[in-house]
Amino acid sequence: MSLGMSWVLVVAAGLLEIVFAVGLKHSNGLERPWVAMGTGTALLGSLVLLSTALRQLPVGSAYAVWTGIGAAGTALAGIVLLGDPITATRLACIAVIVGGVIGLQMAG
């Protein structure tokens, strides 16, 4: 597998991490079985994609990008989908995360 494809897997894994986090909210403490199953499936898929990408990528960079996508994406999903508060400080912090993810990917 090429390095480029490995990064695609990390991005896909990060997107599934967002699905997992939002699914946790919608599962109401894992009380809604079908939502909880989808949430678990997203988590498992995310871990499988990340572990596959780690065959080619440095663990520090790949893990940081994965968690960064999950963190920034979940924060944005919370704002857009769940009505989380939107503040300048929150947006600035998301921008810092995105900048760090881009920097690590470029350095990796």
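The values are calculated or read from the model by the stated rules, or taken from the named source; none is laboratory data. Since the model is a prediction, treat every value here as computed from it, not as a measurement. Here the Cβ is made from the backbone with ideal geometry for all residues, glycine too, and neighbour counts use every protein chain on show.
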Is it fair to say residue 107 is in contact with a helix residue (DSSP H, G or I) (Cβ under 9 Å, 6 or more places away or on another chain), in contact (Cβ under 8 Å) with a residue 40 or more places away in the chain, surrounded by fewer than 17 Cβ atoms within 10 Å (Cβ to Cβ) and of a type in the set (Gly, Ala, Ser)?
-> yes
Which one is nearest to residue 23 (Cα to Cα) among residues in the range 69-99 that are in a helix (DSSP H, G or I) and touching a Gly at 6+ places or on another chain (Cβ under 6 Å)?
-> 70
Would you check which residues across the range 18-66 are surrounded by 16 or more Cβ atoms within 10 Å (Cβ to Cβ), assigned to a loop (DSSP other than H, G, I, E, B) and of a type in the set (Gly, Ala, Ser) and list them?
-> 27
Close pairs from the range 34-53: first closer than 9 Å to residue 20 by Cβ, partner not in a helix (DSSP H, G or I), Cβ under 6 Å, at least 6 apart | 39/27
Residue 34 vs. criteria over 8 Å from the mean Cα position of the chain (by Cα), more than 21 Å from residue 97 (Cβ to Cβ) and among the aromatic types (Phe, Trp, Tyr) | yes
Assess whether residue 55 counts as being modelled with pLDDT of 95 or more, touching a helix residue (DSSP H, G or I) at 6+ places or on another chain (Cβ under 9 Å) and over 23 Å from residue 98 (Cβ atoms).
-> yes
Taking the range 76-92, which residues are aliphatic (A, V, I, L, M) and either touching a Cys at 6+ places or on another chain (Cβ under 8 Å) or surrounded by fewer than 15 Cβ atoms within 10 Å (Cβ to Cβ) (or both)?
-> 80, 81, 82, 86, 88, 91, 92
Tell me, yes or no, whether the range 63-70 has at least one residue that is polar (S, T, N, Q) and closer than 14 Å to residue 13 by Cβ.
-> yes
